[in-house]
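Notes follow once the structure below has been shown.
Coordinate-derived values only; no laboratory data. Since the model is a prediction, treat every value here as computed from it, not as a measurement. Heads up, the Cβs are rebuilt from the backbone with ideal geometry, glycines too, and the neighbour counts pull from every protein chain shown.
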């Protein structure tokens, strides 16, 4: 599995990763694990892999929910799109 991510450098601070790229990476990793476990001779225990997949998906979902909660709202209470 290959992945590339955008890094944002904050002068005097840490490197930052866009949340949408982090959640995409977590979901891709989970799917890769699932596909590997389904391979005939992987040696991976399906129950363990499903637990790991569930944990990664839960983390990705929490990151998405936190980001949605930080989005500015319009006067109508809807999330503001970047184009406005």
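The table below lists the values:
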| quantity | calculated |
| --- | --- |
| Output for region 1-23, where each listed residue is out of contact with any helix residue (DSSP H, G or I) (no Cβ under 8 Å at 6 or more places or on another chain) and either surrounded by 12 or more Cβ atoms within 10 Å (Cβ to Cβ) or part of a strand (DSSP E or B) (or both) | 8, 9, 15, 16, 17, 18, 21 |
| Residue 31 being touching a helix residue (DSSP H, G or I) at 6+ places or on another chain (Cβ under 9 Å), outside any loop (DSSP other than H, G, I, E, B) and exposed (fewer than 12 other Cβ atoms within 10 Å of the Cβ) | no |
